[in-house]
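The values are calculated or read from the model by the stated rules, or taken from the named source; none is laboratory data. Not measured: the values here are computed from a predicted model. FYI the Cβ positions are ideal-geometry reconstructions off the backbone, even for glycines, and counts take in every protein chain you see. Side chains are part of the model used for accessible areas, which takes the heavy atoms of the whole protein and leaves out ligands, DNA and RNA. Shrake-Rupley method; radii C 1.70, N 1.55, O 1.52, S 1.80 Å.
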Amino acid sequence: MQAEASRAAFAADPERSLGRLHPEKPSATRTPFARDRDRIIHCTPFRRLKGKTQVFIAHEGDHYRTRLTHSLEVAQIARSLADALRLDVDLAEAVALAHDLGHPPFGHAGEDRLKALMEPWAGFDHNVQTFRIVTRLEKRYPGFDGLNLSWETLEGVIKHNGPVAHRLDEPAWRAVAEFQQQWDIRPGTFASLEAQVAAVADDIAYNNHDVDDGLQAGLFSLSELEAVPLIGPIIGGVRRDWPGLDDRMTGIEAVRRMIGAMIEDVLGETRRRLAEDGVTTDEDARLARRPMVQFSADMMQDLARLRAFLFEHMYRHERINEMRARAASAIDDLFAAFLADPGRMPAEWAARARAGDSARCARAVCDYIAGMTDGFALEEQGRL
């Protein structure tokens, strides 16, 4: 357990947690937030992340990131940031590990197709899907559905990117609005600083590992990156420090240094905002006029340029577009087949699909597909 003396006054305090929707006896060895982290790690959707696309379809190569390895990298960066800011590291890690549980197979290509296919039936949103998994869909405990996470972790799962009150009227967010009637997650406020740390850690992780994966895949070269702000000067620094180093090791060292530069930037900007806005408690952070954990303006500009480069040279590369087309075809075929005949799904899913109207049937089909790994989805497409 993290020592109380090591936490700042604006950190989440596990001793003052608002508890769980379904009361449980406290753990003798773990704080509520550590217990949440462990439940997330042991749940089935977390294990399935190993077979889900980050950018490359999961079976394209063993060295590319999957949703699981990405989530682990986000959790590591979140713990580092939380520790440096004297926040609760268990809460930051729990939110980081949970943040991608709701992603369907084939990454954003899969999500785009499910959004389109579910448009007549309230749509699809991977953040809401994550929330539904941890509050309803995962069934591992006899006393309740979901994982019965603490209020602070649930708040972080759905609000790590900021307040969500403006979204509760959207059809895709109906599940969150319904849960709000049971338990107030304060949708109009920011989440804890720990959840904000998890959100920024996500940005740090995917910007860096997309550069790393893109280099390994040969989608672009170090020489092309040298003209891009932030990473370009870092590559130059590596070449000066290690003349004669091969391109592979130069790229790895450059990515390592870029992660460090982003972390240092976030720490500096966050401390500046906390002091400038007079944030001294966790409630101050929730009611603040802006997020407290953020990149500096200069870093945001550099990251925008880096993302533009990756969009042009990676996300819309011919090889990635080919994968996206395969993904769209698989999702379309599966959705049509299961919607027409729910009996093609396993019995428990077929029963859910037949238990209501067309909207309930479509949602059951969507939930089943969203839980698939890339490989299983392609196998099912072939089988059907």
Which distance in nm do the two modelled labels at R136 and L168 give, with both placed 7 Å along the Cα-to-Cβ direction?
-> 1.6 nm
All lysines inside 24 Å of K52 as judged from Cα atoms, apart from same-chain residues fewer than 8 positions distant = K115, K139, K159
Can you give the relative contact order of the chain as a percent, counting alpha carbon pairs under 8 Å and 6+ residues apart?
-> 20 percent
For the chain, return all DSSP H helices satisfying: extent of Cα atoms along own axis at least 24 Å; mean Kyte-Doolittle hydropathy at least -0.5.
-> 67-84, 193-216, 247-276, 318-340
First compute the accessible area of the chain with a 1.4 Å probe, then give the percent of it belonging to carbon and sulfur atoms.
-> 51 percent
Using the Cα centre as the reference, give the magnitude of the dipole from point charges on the C-beta atoms of the chain (Lys, Arg: +1; Asp, Glu: -1; all else neutral), rounded to the nearest 20 debye.
-> 820 debye
Residues with beta-carbon under 9 Å from that of A201, excluding A201: net charge, scoring Lys, Arg +1 and Asp, Glu -1?
-> -2
E312 accessible area, assembled protein chains, probe 1.4 Å, Å² = 130 Å²
Could you sort 321-331, 91-101 so that the peptide with the highest average Cβ count within 10 Å comes first and the rest follow in order?
-> 91-101, 321-331
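Leaving ligands, DNA and RNA out of it, rank S192, S223 by accessible area with a 1.4 Å probe, largest first.
S223, S192
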FRET efficiency estimate (nearest 0.05) - Cβ-Cβ, A347 to A304, R0 45 angstrom = 0.40
For region 137-252, accessible area per residue (1.4 Å probe, heavy atoms of protein chains only), Å² | 41 Å²
For the chain: rounded, prolate or oblate by the Cα gyration tensor [a/c cutoff 1.5] | oblate
